[in-house]
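Undergrad: Below you will find the structure I want to go over with you.
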Amino acid sequence: MNFPSLQFSENLATHKILKNSVRIANKFLETVHLKAVFSETFQLDPNVSTERTQNVVIHFQKQSKKSYREQGLAFSWSHRYKRAKAIYVNNTFKKRLNILQKSTDDELNAKKEIKTITVYISFLLLHELAHLLLRWKGILDTPTDIDEAGECLEVALFGGQLRGVFTPNKPWSQNSKFIYIAIEKLKRHGSELYYLSFEDYIEKVYDWPQNTSGFVRLQFCGKPSQKEIIVLKQSDEVVQSETEEGPNQLNVVRRLFNIDVNPCGTKFFRSPKAYCRSE
Ligand SMILES: [Zn+2]
């Protein structure tokens, strides 16, 4: 694959956690999966994309009430114009991290959650970068053949769309505990959530970012034992939750790709195997 590895600049991320997320996102940007999307599906100019990606500034920011009214909850966002050069990550993550960093009673779980959030933010950066890359080409809205640029990247890497899984089951805030990163895959009858294993995937991605081979070898675990969970997508006005007796499926599926079809037109599309472990 001739397309270069696009890379964010760590020094343009304005918080320590964001720098860590940049470090991880940059490793995903080295994978053939993303290079294939950038060159074949998005048909990007490598020079322009390389230079602009290096100049992206990454901040935590509070979501405005207006944006919340118009589009619902957003974990991250970027401006919809051609010269946009910043990615904003919802400030609620920063508040949550502050709580976790101060927590003394359950240090191990706090560390685990900090790593989960850090890795999840790196996925948000990739999602937003997908939008920026097309905007820099003058395409402000994702073309219909790509559908949703950020989700296209998620499908190329993970075979489905990313979801954040929180507990307890009430509106997302700094008090919500981030328990899993999940991948929602469309099945013949509805969709199904696959939970990324912390020990076998997230922590490895976090701790050994020099080794990219493990980045695309997904490892899953069983569904959460908690009853009151909330499953949110990157930008979501519909709060979806599992009921106690409900199946591991979501009723509302919007813009989900059929995973048997290659939605992004990339040769490297893959559907990862599920490894189930009981915990
Ligand atoms: Zn998006």
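Yes or no, residue by residue, for (1) part of a helix (DSSP H, G or I); (2) modelled with pLDDT of 90 or more; (3) in contact with a Lys or Arg (Cβ under 9 Å, 6 or more places away or on another chain):
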{"residue": "Phe178", "(1), (2), (3)": "no, yes, yes"}
{"residue": "Tyr194", "(1), (2), (3)": "no, yes, yes"}
{"residue": "Phe215", "(1), (2), (3)": "yes, no, yes"}
{"residue": "Lys223", "(1), (2), (3)": "no, no, no"}
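The rows are residues; the columns are (1) of a type in the set (A, V, I, L, M); (2) farther than 17 Å from Ser49 by Cα.
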| position | (1), (2) |
| --- | --- |
| Leu108 | yes, yes |
| Lys115 | no, yes |
| Phe123 | no, yes |
| His127 | no, no |
| Leu132 | yes, no |
| Trp136 | no, no |
| Thr142 | no, no |
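Undergrad: For the stretch 97-111, does any single residue satisfy the condition of being hydrophobic (A, V, I, L, M, F, W, C), closer than 22 Å to Gln161 by Cβ and under 21 Å from the mean Cα position of the chain (by Cα)?
TA: no
Undergrad: Among the residues of the stretch 157-176, write down those that are farther than 29 Å from Leu44 by Cβ and under 17 Å from the mean Cα position of the chain (by Cα).
TA: Val165, Phe166, Trp172
Undergrad: Which one of Lys115, Lys66, Lys95 is touching a Phe, Trp or Tyr at 6+ places or on another chain (Cβ under 6 Å) and of a type in the set (Lys, Arg)?
TA: Lys115
Undergrad: Please determine whether any residue of the stretch 147-156 is within 17 Å of the chain's Cα centre (by Cα) and more than 16 Å from the ligand (Cβ to nearest atom).
TA: no
Undergrad: Which of the helices (runs of 4 or more DSSP H) contained wholly in the stretch 14-106 include at least 3 residues that are in contact (Cβ under 8 Å) with a residue 12 or more places away in the chain and more than 30 Å from Asn2 (Cα to Cα)?
TA: 91-102
Undergrad: Failed condition for Gln7, given (1) more than 19 Å from the chain's Cα centre (by Cα); (2) in a loop (DSSP other than H, G, I, E, B), with all others met?
TA: (1)
Undergrad: Let me ask something else. Out of Lys170, Lys204, I need the residue that is surrounded by fewer than 20 Cβ atoms within 10 Å (Cβ to Cβ), assigned to a loop (DSSP other than H, G, I, E, B) and either of a type in the set (D, E, K, R) or away from the ligand (no atom under 16 Å from the Cβ) (or both). Which one?
TA: That would be Lys170, the only listed residue that is surrounded by fewer than 20 Cβ atoms within 10 Å (Cβ to Cβ), assigned to a loop (DSSP other than H, G, I, E, B) and either of a type in the set (D, E, K, R) or away from the ligand (no atom under 16 Å from the Cβ) (or both).
Undergrad: Could you check the stretch 118-142 and list, in sequence order, the residues that are away from the ligand (no atom under 11 Å from the Cβ) and more than 18 Å from the chain's Cα centre (by Cα)?
TA: Arg135, Trp136, Lys137, Gly138, Ile139, Leu140
The values are calculated or read from the model by the stated rules, or taken from the named source; none is laboratory data. Here the structure is a predicted model, which is why all the values come from computation and not from measurement. When we count neighbours, we look across all protein chains shown, and the Cβ atoms used for this are built from the backbone with ideal geometry, even at glycine.
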